[in-house]
1. Going by what's in this entry, would residue 158 be described as surrounded by fewer than 19 Cβ atoms within 10 Å (Cβ to Cβ) and either modelled with pLDDT under 85 or outside any loop (DSSP other than H, G, I, E, B) (or both)?
2. Restricting attention to the range 195-206, does a residue exist that is among the polar types (S, T, N, Q) and over 15 Å from residue 4 (Cα atoms)?
3. Against the condition in a helix (DSSP H, G or I), out of contact with any Asp or Glu (no Cβ under 8 Å at 6 or more places or on another chain) and of a type in the set (Lys, Arg), how does residue 148 come out, does it pass?
4. Test of understanding: among 158, 112, which residue is over 14 Å from the mean Cα position of the chain (by Cα) and either β-branched (Val, Ile, Thr) or over 24 Å from residue 193 (Cα atoms) (or both)?
5. Residues of the range 1-21 being within 12 Å of the ligand (Cβ to nearest atom) and among the acidic types (Asp, Glu), which ones?
6. What are the residues in the range 60-94 that are surrounded by 16 or more Cβ atoms within 10 Å (Cβ to Cβ), within 30 Å of residue 142 (Cα to Cα) and either over 16 Å from the mean Cα position of the chain (by Cα) or away from the ligand (no atom under 16 Å from the Cβ) (or both), if any?
7. Only residues that are among the aliphatic types (A, V, I, L, M) and part of a helix (DSSP H, G or I): list them for the range 108-145, please.
Amino acid sequence: MAIDVNIKKQLTEKHRHFQLNVQFQADSDFLVLFGPSGAGKSLTLQSIAGLITPEQGNIKINNSVLFDSETHVNIPVHCRNIGYLPQNYALFPHLTVADNIGFGLKKLWQWKLSHAEKQRVHNIMSLFEIATLAHSFPRSLSGGQQQRVALARALVCKPSLLLLDEPFAALNPLLRTKMRNELLQIQKLFQVPVVIITHDQADVDAFGETVIVIDDGKAQQICAYKEQLRETPALSVTNLMWANNSALN
Ligand SMILES: Nc1ncnc2c1ncn2[C@@H]1O[C@H](COP(=O)(O)OP(=O)(O)OP(=O)(O)O)[C@@H](O)[C@H]1O
């Protein structure tokens with residue numbers, strides 16, 4: 001997947017200002033956005049998803065323009081064919097697991113899912129081993145189960161890109177390792193490019209084909225992480241950042 005992001009947005013709340021000014025280009029099927037809290041990672045992901053609108057710039061995926069302030073292109077969220085998993089999974093508490101997953105398939109005017117769509121929901125629940133939870137509500141699910149439901153909901157529409165905002169943050173360390181492996185399998189199975197936000201070096205090691213370090217609203221650095229890791233096995237994003245900062249000084 002070729003991704004080209006060049007966006008600017010000023011966010012103001014009372015006397016607090018945040019300037020998002022992110023530019024990066026990458027060609028990778030697993031892109032990691034890494035950086036400290038409050039750096040602008042989620043805002044970048046939300047801009048790609050179409051949930052927030054930058055003031056200036058453009059966003060292109062495989063040369064298809066999702067947003068361009070100059071030509072006034074702004075493809076609506078529901079037409080971008082992007083699966084998005086927010087930090088808290090955002091499952092609808094009043095809908096069952098099956099209805100949460102099916103929600104992604106419903107058109108605005110549609111009251112009920114067709115037989116084929118119901119079958120699709122069933123198939124993806126079987127794939128994610130959550131079919132027995134079909135009639136349960138999110139409040140009665142474990143963290144790992146909630147995450148599976150959210151992933152199934154994001155993937156049921158066969159998105160052409162999957163955006164994951166710290167998908168493992170709420171899970172215990174043992175479950176994190178398991179879900180990392182599952183995500184790698186899912187990516188292969190669905191052949192969907194993934195952009196993932198993380199603070200966790202272990203995620204970078206597992207997924208970081210290409211890493212974009214975002215800090216203070218800017219993409220500070222872009223690197224082909226796996227390639228560099230082969231050359232320097234003790235590499236971490238932190239020492240990579242440190243090495244580059246030293247080289248700059
Ligand atoms: N609607 C908003 N209005 C004003 N400021 C905002 C708004 N949304 C986010 N911000 C600010 O923008 C900055 C970047 O937020 P963002 O959520 O992108 O950070 P992040 O890098 O994803 O952090 P974390 O890793 O903690 O989730 C933060 O300082 C945040 O407070």
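The values are calculated or read from the model by the stated rules, or taken from the named source; none is laboratory data. Remember, predicted model here, so these are calculated numbers, not experimental data. Every residue, glycine as well, gets a Cβ built from its backbone with ideal geometry; the counts of neighbours run over all protein chains shown.
1. Details: surrounded by fewer than 19 Cβ atoms within 10 Å (Cβ to Cβ): yes; either modelled with pLDDT under 85 or outside any loop (DSSP other than H, G, I, E, B) (or both): no.
So residue 158 does not fit the description; no.
2. First pass over the range 195-206, keeping only residues among the polar types (S, T, N, Q): 198, 201.
Right, trim to over 15 Å from residue 4 (Cα atoms) and you get 198, 201.
There is at least one residue in the range 195-206 that is among the polar types (S, T, N, Q) and over 15 Å from residue 4 (Cα atoms).
3. Details: in a helix (DSSP H, G or I): yes; out of contact with any Asp or Glu (no Cβ under 8 Å at 6 or more places or on another chain): no; of a type in the set (Lys, Arg): yes.
No, not satisfied.
4. On the way: 158 fails: either β-branched (Val, Ile, Thr) or over 24 Å from residue 193 (Cα atoms) (or both).
One residue alone meets the criteria, 112.
5. 13, the sole residue that qualifies.
6. Answer for the range 60-94, where residues must be surrounded by 16 or more Cβ atoms within 10 Å (Cβ to Cβ), within 30 Å of residue 142 (Cα to Cα) and either over 16 Å from the mean Cα position of the chain (by Cα) or away from the ligand (no atom under 16 Å from the Cβ) (or both): 82, 83, 91.
7. Here is the first cut: in the range 108-145, the residues among the aliphatic types (A, V, I, L, M) are 108, 113, 116, 121, 124-125, 127, 130-131, 133-134, 141.
The answer is 116, 121, 124, 125, 127, 131, 133.
Results for (1) in contact with a Lys or Arg (Cβ under 9 Å, 6 or more places away or on another chain); (2) closer than 30 Å to residue 134 by Cβ; (3) at pLDDT below 90; (4) exposed (fewer than 15 other Cβ atoms within 10 Å of the Cβ), shown as yes or no for each residue.
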residue	(1), (2), (3), (4)
152	no, yes, no, no
166	yes, yes, no, no
184	no, yes, no, yes
196	no, yes, no, no
216	no, no, no, yes
221	no, no, yes, no
225	no, no, yes, no
235	no, no, yes, no
